[in-house]
Each structure stands twice: as C-alpha cells, then as structure tokens.
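**Q** Here you go, one structure.
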Amino acid sequence: MTGHGAPTQEPVDCSDLRVAVVAASWHEQVMGGLIGGSERALDAYHVHDRRIIRVPGAFELPVVASALAQQGYDAVIALGVVIRGGTPHFEYVCSAATDGLVRVALDHTTAVGFGVLTCEGDQQALDRAGLEGSKEDKGYEATAAALLTARTLKELSATAP
C-alpha cells in the first residue's frame with residue numbers, strides 16, 4: 001500500500017531557503033494537483049523565496065533542475081507524471097528522469113524533491129496528485145522532503161570545521 005508507514009512531520013520554518021519548483025506540462029489535471037500540493041507545502045514551511053518553472057515533460061526535469069541548483073537554490077522540487085503506455089518509452093523516461101535528478105542532488109549537494117509520479121494509468125496518477133478526492137498528495141510530500149533535506153544540509157554546512 002502506497003503511503004503506508006510514511007513519517008509524520010510537522011512543518012518547520014524554512015523562510016531562509018531559496019526554493020525552485022520545476023514542473024512538467026504533460027497531464028494538466030495531475031500537474032495542477034502536484035503544483036498545488038507543492039505550493040501548500042511551501043506555504044506551510046514559510047518559504048517566501050520561490051520560483052516555479054514549467055518544462056515540456058519529465059525527461060526535461062533534470063537539466064533544468066541542474067541549472068537551478070547551479071544558481072544556488074537550496075532546494076529544487078521536480079514534479080512530473082509518466083503513465084505507462086504500450087511501448088518501452090515509459091521505462092526510458094522514468095529511468096532518465098530518476099537518474100538525472102539523483103545526479104543533480106549528488107553533483108550539486110542540493111536537496112531535490114522527487115515528485116515524479118510513475119503510474120500504470122490515469123486513475124493511479126489522480127489518486128496521488130493531491131486533488132480533491134485524491135488518496136495522497138505527492139506534490140506536498142516531495143516538497144516537504146526537499147525542504148527538510150535542505151534544512152539539514154544548511155545545518156551541516158554551518159557546523160562544518
């Protein structure tokens with residue numbers, strides 16, 4: 001069951017963080033929910049310095065996330081949805097997006113929120129999009145995870161010898 005065992009975390013003050021959200025454009029309804037969830041998390045965590053950028057699809061997320069990390073954002077949240085079809089395209093796009101975003105996080109020591117839904121069908125995506133009636137809010141979850149990671153990275157750099 002997705003979501004089972006998820007940690008509960010109260011929002012903390014992240015008002016000193018610069019945050020960028022890079023969001024794919026495919027599947028407008030699902031993306032609207034993911035972006036809405038991300039914005040709710042940014043509000044809950046008191047992030048004021050924020051930027052939202054749209055890209056064509058999930059494949060384009062890593063290169064723009066990398067550029068944003070190079071610009072000094074404390075956290076970059078990547079939002080997208082890939083729905084399985086009848087060809088191997090699904091695997092290629094999911095793998096490229098995942099591998100690319102991991103590389104951004106490690107190469108730039110930047111918190112990257114992974115809000116890329118990889119779903120078997122439209123209903124599964126809608127159930128995770130944070131829309132009214134959705135079972136989960138992956139945009140909020142990915143953003144909260146990135147903010148908490150960025151907060152930890154900032155604390156580590158402040159105490160580094």
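The values are calculated or read from the model by the stated rules, or taken from the named source; none is laboratory data. Keep in mind it's a predicted model, so treat the numbers as computed, not measured. Virtual Cβ from ideal backbone geometry, glycine too; neighbours counted across all protein chains shown. Note: areas computed on protein heavy atoms with side chains; ligands, DNA, RNA excluded. Shrake-Rupley method; radii C 1.70, N 1.55, O 1.52, S 1.80 Å.
**Q** May I ask you to list the GluC sites (Glu not before Pro) in the stretch 70-149 that are in a DSSP loop and have at most 13 other Cβ atoms within 10 Å of their Cβ?
**A** Passing sites in the stretch 70-149 are E120, E132.
**Q** Would you work out the Kirkwood radius for the stretch 53-116? I mean one over the mean of 1/r across all pairs of different Cα atoms, in Å.
**A** 11.8 Å
**Q** Can you put K135, K154 in order of accessible area, largest first, using a 1.4 Å probe?
**A** K135, K154
**Q** Nothing charged except the Cβ atoms of Lys and Arg (+1) and of Asp and Glu (-1): what's the magnitude of the dipole of the chain about its Cα centre? Round to the nearest 20 debye.
**A** Values: 12 positive and 20 negative charges, 52 e Å.
My answer is approximately 240 debye.
**Q** Here is a follow-up. Compute the separation of the alpha-carbon centres of the stretch 78-124 and the stretch 1-76 and state it in Å as a whole number.
**A** What the calculation gives is 14 Å, centre to centre.
**Q** Go through T109, Q70, Y140 and say which Cα lies farthest out towards the positive end of the charge dipole of the stretch 6-161; charges sit on Cβ, +1 for Lys and Arg, -1 for Asp and Glu.
**A** It is Q70.
**Q** Further question: When the scattering of the chain is computed by the Debye formula from its Cα atoms alone, each counted once and equally, what is log10 I(q)/I(0) at q = 0.20 Å⁻¹?
**A** -1.29
**Q** May I ask what percent, to the nearest 5, of DSSP beta bridges between residues of the chain are antiparallel? Mind showing how you got there, number by number?
**A** Details: 1 of 22 bridges.
Approximately 5 percent, going by the DSSP bridge assignments.
**Q** Working out 0.36 nm times the residue gap between R40 and R54, then minus their Cα-Cα distance, what length gain in nm do you get to one decimal?
**A** That works out to 3.3 nm of additional length.
**Q** Over the Cα atoms of the stretch 106-154, compute the convex hull volume and normalise it per residue, giving Å³.
**A** Values: hull volume 3.4 nm³, N = 49.
Dividing the Cα hull volume of the stretch 106-154 by its residue count gives 70 Å³.
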